[in-house]
């Protein structure tokens, strides 16, 4: 696990790992409650109906033909602009939560993917997604048309990249997944990722000037390894061989928002080992997502770090929704939890590998959650502070009764040129 499928940890990967660790330490926020409070304030602002907002939205149509309804603060930042295609990079200013400083390829040129093939792992063909993500310079990657990309092996990204699927139906499917390893500043937006399988490994070009031998990959949809400033937004994911999204080995400053997850067992894993204490710097925001049909567990499963789970819609699980070990801090605010019919699966939470005498001190707090069909959240640790913060901290997130509105457009969007997404 420590080498993450890198067969030979050579000078190139040593240098990349050392720089990633420095970036992660800089990304770590010493007072994470300030970030959660800011997000709570932004949610309130997004749902505040003002005359000026009504005037701005009048006449602009969504994909269903009605008024544009961007009801959470991330979508409100960009979605109602009919000229989004001319202002794509505005998206980079719209992240919230711990991944709010992810700029992706904002400061680079556009790269248009024109070829869906992935046949040459050592010398990727120009115009392919693999050729785009290994470039040294920042890039904002878009797609010439709708396409299904079957990755022959894991797609190893370099930093300062945005994968932006708006304006096309882009699917990464029936092959390997995406690996974000020892880098910073990555945005993945508006693509489908499904039916992902483990790769066999082999020689893979992981940057313009380096080819490395990789061992077998796990089959994750998106694997975040030792990386920081990552934002995953409006992605639809299902049916991967391992996890849908894993974030491990000291990764931090991550936001996962507006996504739709279905048909999977182990959905999200944050922190892979109880023995890897560097994951205590992990800080992740999970916001405005819909956890839908066919899900079993790990939404997410957490170790060590600080996790803000806010205004998500949990309509399905078979075992539990949120779990963890090694004393993570989990702040659950304004989510809707609809328990399954199984009387043995009503509990939202699951704590592993610790007796109650230990986990009673872990800080797992529920505030404003809507618990339905017998769902219950077992809280532990210190209560949330009621002290007055700066102005952004004084206005609360919206309670769980607002979740259907906040998550209405979770998953990929249909974005047409000249009209709002």
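For the reader, a short list of remarks on this structure follows.
- Within the stretch 289-310, one or more residues are out of contact with any strand residue (DSSP E or B) (no Cβ under 6 Å at 6 or more places or on another chain) and touching a residue at least 60 places away in the same chain (Cβ under 8 Å).
- From the list 288, 306, the one residue that fits, being at positive phi, touching a helix residue (DSSP H, G or I) at 6+ places or on another chain (Cβ under 8 Å) and surrounded by 24 or more Cβ atoms within 10 Å (Cβ to Cβ), is 288.
- Scan of the stretch 354-379 for residues that are under 25 Å from the mean Cα position of the chain (by Cα), in a strand (DSSP E or B) and over 21 Å from residue 280 (Cβ atoms), ordered by number: 366, 367, 370, 371
- Among the residues here, residue 176 does not qualify as farther than 26 Å from residue 98 by Cβ and surrounded by fewer than 23 Cβ atoms within 10 Å (Cβ to Cβ).
- Total residues in the stretch 117-156, condition part of a loop (DSSP other than H, G, I, E, B), within 13 Å of residue 172 (Cα to Cα) and under 24 Å from the mean Cα position of the chain (by Cα): 6
- As a summary of the residue check, residue 342 satisfies the conditions (1) over 21 Å from residue 399 (Cβ atoms); (2) surrounded by fewer than 24 Cβ atoms within 10 Å (Cβ to Cβ); (3) within 21 Å of the chain's Cα centre (by Cα) except for the one numbered (3).
- For the stretch 317-348, the tally of residues that are within 11 Å of residue 373 (Cβ to Cβ) and touching a strand residue (DSSP E or B) at 6+ places or on another chain (Cβ under 9 Å) stands at 5.
- Of all residues in the stretch 192-217, those being in a loop (DSSP other than H, G, I, E, B), surrounded by 24 or more Cβ atoms within 10 Å (Cβ to Cβ) and modelled with pLDDT of 95 or more number 0.
- Matching option when the condition is surrounded by 18 or more Cβ atoms within 10 Å (Cβ to Cβ), under 18 Å from the mean Cα position of the chain (by Cα) and farther than 26 Å from residue 328 by Cβ, among 223, 228, 236: 236
- Every test in (1) surrounded by fewer than 23 Cβ atoms within 10 Å (Cβ to Cβ); (2) modelled with pLDDT of 95 or more is passed by residue 257 save one, and that test is (1).
- With respect to the stated conditions, residue 93 fails to be touching a residue at least 24 places away in the same chain (Cβ under 8 Å) and either closer than 18 Å to residue 206 by Cα or within 17 Å of the chain's Cα centre (by Cα) (or both).
- Pairs, first on the phi > 0 side of the Ramachandran plot in the stretch 139-166, second outside any strand (DSSP E or B) and surrounded by fewer than 22 Cβ atoms within 10 Å (Cβ to Cβ), C-beta under 7 Å, six or more apart: 160/108; 160/138
- Among (1) modelled with pLDDT of 95 or more; (2) farther than 23 Å from residue 156 by Cβ - the single one residue 100 does not satisfy: (1)
- Residue match in the stretch 65-85 (condition: at pLDDT below 70 and part of a loop (DSSP other than H, G, I, E, B)): yes
- Residues in the stretch 245-269 that are over 16 Å from residue 163 (Cβ atoms) and assigned to a loop (DSSP other than H, G, I, E, B): 249, 250, 251, 263, 267.
- Qualifying residue in the stretch 402-417 (condition: surrounded by fewer than 21 Cβ atoms within 10 Å (Cβ to Cβ) and in contact with a strand residue (DSSP E or B) (Cβ under 6 Å, 6 or more places away or on another chain)): yes
Yes/no per residue for (1) modelled with pLDDT under 95; (2) surrounded by fewer than 18 Cβ atoms within 10 Å (Cβ to Cβ); (3) in contact with a helix residue (DSSP H, G or I) (Cβ under 7 Å, 6 or more places away or on another chain):
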| position | (1), (2), (3) |
| --- | --- |
| 300 | no, no, no |
| 314 | no, no, no |
| 321 | no, no, no |
| 326 | no, no, no |
| 329 | no, no, no |
| 351 | no, no, yes |
| 354 | yes, yes, no |
| 360 | no, yes, no |
| 388 | yes, yes, yes |
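- Test for residue 220: is it modelled with pLDDT of 95 or more and part of a loop (DSSP other than H, G, I, E, B): yes
The values are calculated or read from the model by the stated rules, or taken from the named source; none is laboratory data. In this text the structure is predicted, and so the values were computed from the model without any measurement. Positions of Cβ are generated from backbone atoms using ideal geometry, with glycine treated the same way; all protein chains shown enter the neighbour counts.
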